[in-house]
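The values are calculated or read from the model by the stated rules, or taken from the named source; none is laboratory data. Remember, predicted model here, so these are calculated numbers, not experimental data. Here the Cβ positions follow ideal geometry from the backbone for every residue, glycine too, while neighbour counts run over all protein chains shown. With ligands, DNA and RNA removed, areas are computed over all heavy atoms of the protein, side chains included. Shrake-Rupley method; radii C 1.70, N 1.55, O 1.52, S 1.80 Å.
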Amino acid sequence: MLGPVILAASRSDRMRRLISAAPVTKQVVDRFIPGETVADIVPIIEDLAAKGLELTMDVVGEDITTPEQATAARDAYLALIDHLKGLELGEKVEMSVKLSMFGQALDGGHELALANVRPVVEAAAAIGTTVTLDAEDHTTLDSMFAIHEELRKDFPQTGCVIQAYLFRTEADARRLAESGSRVRLVKGAYKEPAEVAYQQKHEIDKAYVRILRILMEGEGYPMIGSHDPRLIAIAQELAHKAGRKLDEYEFQMLYGIRSEEHLRLAAEGHRMRVYTAYGTDWYGYFMRRLAEKPANLRFFLRSMVSKG
């Protein structure tokens, strides 16, 4: 019940100011966002890689209002890639990008976002890795999928994200599975109307399994974005039934959530990629983490009370 309320708060400037000013907030945010700069995050990358984990890196920030901010977002990713080059980790560290951060919502935003993201994809390919386009609210998806298709003409390993709670996603999954793309499946973390999305958890879970079966039986590379133990077990079963080897799919989980499970899956031989965000514009990302899982919200509230 609280999820939609929290997602609404993620768009509120008043709530942003209130939560950002709370003394305990930084301590809790650090659980999910372990640094603000590339220098902060490099030791995190090295530590996780040494433990047999892979990563996808997200420079947080979505509320872009000018072309100059979109250019700065592009440059932030290019700076990250420049640092990754020296680590020589290749595809063990990829990037996740939100096209809103590259100017998608501005005038001429589709072309602007494509122009800004292409150099990032090119630079990633040059160091042996790739980029995944994150899914945002349903109004942005046609543009995202079109940019994904365009980028894959030159960089076929470019991935994208689909969201189980949207009615359209089963059709999107069939199309993407047939094309051999890299596809991350998540439940969805935006406030969507009942006209386009399932609203009940059990409906979303059932849709997730249906879509995951499509991906596992298809020609692409599925990336299972979930912390749910039951869905992880189902994914393993579907992979086995589809005859997939351990390197023909992967699990993805957020930094700071179920870290022991990250290590367990990696120890079993699975590819386990940790979605690791960093940067200063953390508010929207943080609020969606609270909305996704009641345990995250309880953790935040307990911290506020104990420090209050």
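Here are the numbers for this structure:
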| quantity | calculated |
| --- | --- |
| Qualifying positions in region 197-210 - of a type outside the set (Ser, Thr, Tyr) and out of contact with any Leu (no Cβ under 6 Å at 6 or more places or on another chain) | Gln199, Gln200, Lys201, His202, Glu203, Ile204, Asp205, Lys206, Ala207, Val209, Arg210 |
| Meets criteria (open to solvent by less than 70 Å² (accessible area, probe 1.4 Å), at pLDDT 95 or above and not in a strand (DSSP E or B)) for Leu55 | no |
| In region 92-106, the residues that are modelled with pLDDT of 95 or more and more than 16 Å from the chain's Cα centre (by Cα) | Gly103, Gln104, Leu106 |
| Only listed residue being at pLDDT 95 or above and either more than 19 Å from Asp247 (Cα to Cα) or charged (D, E, K, R) (or both), chosen from Ile204, Ile214 | Ile204 |
| Residue pairs meeting the criteria (Cβ under 9 Å; at least 6 apart or on separate chains; first under 20 Å from Ala189 (Cβ atoms), in region 235-255; second at pLDDT below 95 and aliphatic (A, V, I, L, M)) | Leu254/Ala277; Tyr255/Ile33; Tyr255/Ala277 |
| Count of residues meeting criterion [within 27 Å of Gly90 (Cβ to Cβ) and modelled with pLDDT under 95] in region 148-180 | 2 |
| Subset of region 137-158 (residues that are open to solvent by less than 10 Å² (accessible area, probe 1.4 Å) and either of a type in the set (S, T, N, Q) or within 24 Å of Tyr198 (Cα to Cα) (or both)) | Leu141, Met144, Thr158 |
| Matching residues, region 75-93, being surrounded by fewer than 22 Cβ atoms within 10 Å (Cβ to Cβ), in contact (Cβ under 8 Å) with a residue 24 or more places away in the chain and not in a helix (DSSP H, G or I) | Leu89 |
| Residue match in region 152-172 (condition: part of a loop (DSSP other than H, G, I, E, B), over 23 Å from Glu68 (Cβ atoms) and of a type in the set (Lys, Arg)) | yes |
| All positions within region 98-134 that are in a loop (DSSP other than H, G, I, E, B), at negative phi and open to solvent by less than 50 Å² (accessible area, probe 1.4 Å) | Lys98, Gln104, Leu106, Ile127, Thr129, Thr130, Asp134 |
| Selection within region 173-197 - open to solvent by less than 60 Å² (accessible area, probe 1.4 Å), touching a helix residue (DSSP H, G or I) at 6+ places or on another chain (Cβ under 7 Å) and either aromatic (Phe, Trp, Tyr) or part of a helix (DSSP H, G or I) (or both) | Ala173, Ala177, Tyr190 |
| Condition check for Thr71: among the β-branched types (Val, Ile, Thr) and at pLDDT below 95 | no |
| Selected residue (criterion: surrounded by the fewest Cβ atoms within 10 Å (Cβ to Cβ)) from residues of region 58-74 that are of a type in the set (Asp, Glu) and more than 19 Å from Thr132 (Cα to Cα) | Glu68 |
| Residue within region 7-26 that is acidic (Asp, Glu), farther than 22 Å from Ala125 by Cβ, modelled with pLDDT of 95 or more and open to solvent by 20 Å² or more (accessible area, probe 1.4 Å) present | no |
| Test: residue in region 277-292 that is open to solvent by 20 Å² or more (accessible area, probe 1.4 Å), among the charged types (D, E, K, R) and either modelled with pLDDT of 85 or more or part of a helix (DSSP H, G or I) (or both) | yes |
| Residue within region 74-90 that is of a type outside the set (Ser, Thr, Tyr), touching a Ser or Thr at 6+ places or on another chain (Cβ under 9 Å) and more than 30 Å from Leu265 (Cβ to Cβ) present | no |
| Test result for Thr56, of a type in the set (Ser, Thr, Tyr), more than 23 Å from Arg258 (Cβ to Cβ) and out of contact with any Pro (no Cβ under 7 Å at 6 or more places or on another chain) | no |
